[in-house]
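What follows is a short report on a single structure.
We did not get these values from a lab; they are worked out from the coordinates using the rules stated. Only a predicted model underlies this, so the values are computations on that prediction, with no experimental measurement involved. Because the Cβ atoms are built from the backbone with ideal geometry, glycine has one as well, and the counts that use them run over all protein chains shown.
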Ligand SMILES: CC(C)(COP(=O)(O)OP(=O)(O)OC[C@H]1O[C@@H](n2cnc3c(N)ncnc32)[C@H](O)[C@@H]1OP(=O)(O)O)[C@@H](O)C(=O)NCCC(=O)NCCS
């Protein structure tokens with residue numbers, strides 16, 4: 001993952017990626033470095049944390065997905081971000097499903113995720129995951145919807161495709 005610093009920094013600086021995820025801000029390189037350091041620590045301490053998304057083993061990083069405490073500093077939430085050329089192929093849903101399986105296996109239920117109300121792409125991913133809205137709260141861009149996915153509800157969602165071509169690695 002330390003070798004993913006440049007690619008992660010570029011990804012999070014893309015206007016379509018940072019619009020909602022970063023409230024439009026460009027993350028400083030040191031912030032991304034700290035994110036990766038925290039991710040490595042998460043892995044060492046048995047937490048799921050964030051994962052790089054690649055379209056094949058050893059391929060370039062095309063996205064990030066996993067658990068990070070963004071809106072509430074104490075509660076890790078499911079987040080996902082892909083480079084725009086990879087949008088609309090079902091990758092975000094597939095990778096999120098894989099990480100939800102890991103979360104439930106680790107005893108985390110419900111999985112939580114937050115989306116800014118105008119972020120229709122993110123809302124769609126949450127619907128596909130069978131998440132349900134549980135709260136609405138104000139934020140810088142207007143309002144955020146908090147969604148949750150209890151383990152029992154997940155098992156009733158669309159099954160993970162067995163031909164998922166996405167490999168995750170720290
Ligand atoms: C959110 C994001 C990861 C979704 O990626 P994606 O590649 O479109 O996701 P998927 O292909 O898995 O799509 C899931 C569904 O959303 C739909 N969708 C994609 N973009 C959409 C949009 N703008 N409006 C409505 N639906 C959309 C897809 O068609 C798909 O629906 P389907 O299963 O019925 O075909 C991507 O838009 C992104 O990286 N955004 C920037 C980062 C961000 O805002 N992350 C969310 C905050 S955590």
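Quick notes on this one:
- Quarter the surface of the alpha carbon convex hull of the chain and you get the mean projected area, 9.3 square nanometres.
- Extension reserve of the residue 13-residue 74 stretch, reckoned as 0.36 nm per residue once the Cα distance is removed: 19.5 nm
- Label positions at residue 22 and residue 157, each projected 7 Å from the Cα along the C-beta direction, are separated by 2.6 nm.
- Estimated FRET transfer efficiency when R0 is 35 angstrom, pair residue 30-residue 117 (beta carbons, to 0.05): 0.70
- Within the listed set 91, 48, 160, the residue fluctuating most in the Gaussian network model of the chain (springs between alpha-carbon atoms under 10 angstrom) is 160.
- Full-stretch length increase - residue 106, residue 5 - with 0.36 nm per residue and alpha-carbon distance subtracted: 33.6 nm
- Backbone N under 15 Å from the residue 41 label point (7 Å along Cα→Cβ), restricted to the stretch 61-89: 68-70, 73-76
- Hypothetical label at residue 128: residues of the stretch 79-105 whose amide nitrogen lies under 16 Å (7 Å Cα-Cβ projection): 79-101
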